[in-house]
1. Suppose we filter LEU123, LEU86 for residues that are in contact with a helix residue (DSSP H, G or I) (Cβ under 8 Å, 6 or more places away or on another chain), in the same structural domain as ALA57 (by TED's automatic domain parsing), crowded, with 21+ Cβ neighbours inside 10 Å and in contact (Cβ under 8 Å) with a residue 12 or more places away in the chain; which single one remains?
2. Give me a count of the residues in the stretch 214-231 that are in contact with a helix residue (DSSP H, G or I) (Cβ under 9 Å, 6 or more places away or on another chain) and either farther than 23 Å from GLU156 by Cα or crowded, with 20+ Cβ neighbours inside 10 Å (or both).
3. Restricting the search to the stretch 286-303, which residues are surrounded by 15 or more Cβ atoms within 10 Å (Cβ to Cβ) and within 17 Å of the chain's Cα centre (by Cα)?
4. Output the residues belonging to the stretch 244-263 that are among the charged types (D, E, K, R) and surrounded by 21 or more Cβ atoms within 10 Å (Cβ to Cβ).
5. So which residues in the stretch 260-275 are of a type in the set (S, T, N, Q) and in contact with an Asp or Glu (Cβ under 8 Å, 6 or more places away or on another chain)?
6. Somewhere in the stretch 142-162, is a residue touching a Cys at 6+ places or on another chain (Cβ under 8 Å) and either in the same structural domain as GLY27 (by TED's automatic domain parsing) or assigned to a helix (DSSP H, G or I) (or both)?
7. ALA136: under 17 Å from THR28 (Cα atoms) and either outside any helix (DSSP H, G or I) or among the hydrophobic types (A, V, I, L, M, F, W, C) (or both), yes or no?
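The values are calculated or read from the model by the stated rules, or taken from the named source; none is laboratory data. What you see is a predicted model; the values in this text were computed from it and never measured. FYI the Cβ positions are ideal-geometry reconstructions off the backbone, even for glycines, and counts take in every protein chain you see.
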Amino acid sequence: MDYHIPVLAEEVLDGLAIRPNGVYVDGTLGGGGHSEKILEKLNENGRCLGFDVDPDAIAFASKRLERFGDKFKIVNSNFSFLSEGLYRSGFKSADGILLDLGVSSRQLDNPEKGFSFRAEANLDLRLDPSLKLSAADVINTYSDDQLCKVIRDYGEEQFAWQITKELVKRRAQKPFVTTTELTTAIDAVIFPDKRKKSYARVFQALRIEVNRELEVLKTALAKSVSCLAPGGRLVVISYHSLEDRIVKDFLKYESLSCICPPQQPICQCGKVATVTLISRKPLVPSEEECERNPRSRSAKLRIAERK
């Protein structure tokens, strides 16, 4: 089985508008599927840097991409440290940056991490094993208001309060340890026909909280734009509405040359547009791709070019 089937692979390559001798960043390396396709477009002077913090992903991608030699380098760092990683690797800027925000198929299918509700595992959900906070810590130590806010805001779960009350009641008797304990608690308050969606939403919420995904994304987007060379491209693939809203709003703001109120006749804000939107509407997978890779169904790809 492949580590992770690269989503919207051809659209990514077109969006990056790859120059054979350019410098490109895969901010979410995973199994190296996108990086491999980028590297195949580069000549001996081109370079690709892959950022990741998952030891399993790094080991897999290292082996997969070793045939490219010095053209490829792994940066063992979160993509929120993109500018620092570029600088340490000897580059002042990049000609293209890809952020594929999804959790890889390998991570979802790895029972040890507890990313999937389909297998019993420890409630971990850390993409970076060096992080201190696990999903179990969130469930067992957050106040009921804090826990409800996480499930409601990050999972967009309409039954967040009912689930939270059940979790708080059960943790008082025995701390949560496994994914099965969590799904059993959800079963107690959610009708059978709605359970799978609630599982997915709660697991998503916990993963976002543990890994600070939305906070990290905002930092990574800002650093990506600042690291792009003039004419360089930023390509972002998101998989749920919270991510896509952040990406959409960020790129729209960065593309504006004025944010003064409409009734103000002369611009006084001093705002300067940093990017041009290449795609005002997101690109989505074809029906054929969705059939080949069902996990691509929710993907949305947005592209911007540095001015």
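1. LEU86
2. Final tally of qualifying residues: 9.
3. Matches in the stretch 286-303: ARG295, SER296, SER298, ALA299, LYS300, LEU301, ARG302, ILE303.
4. The answer is GLU254, and nothing else.
5. THR274
6. Within the stretch 142-162 (the criterion being touching a Cys at 6+ places or on another chain (Cβ under 8 Å) and either in the same structural domain as GLY27 (by TED's automatic domain parsing) or assigned to a helix (DSSP H, G or I) (or both)), the answer is yes, since at least one residue qualifies.
7. no
For (1) in the same structural domain as ALA299 (by TED's automatic domain parsing); (2) at pLDDT 95 or above; (3) under 25 Å from LEU283 (Cβ atoms); (4) crowded, with 18+ Cβ neighbours inside 10 Å, each residue gets a yes or a no:
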| residue | (1), (2), (3), (4) |
| --- | --- |
| ASP2 | no, no, yes, no |
| GLY30 | yes, no, yes, yes |
| GLY33 | yes, no, yes, yes |
| PHE51 | yes, yes, yes, yes |
| ALA59 | yes, no, no, no |
| PHE72 | yes, yes, no, yes |
| GLY90 | yes, yes, no, no |
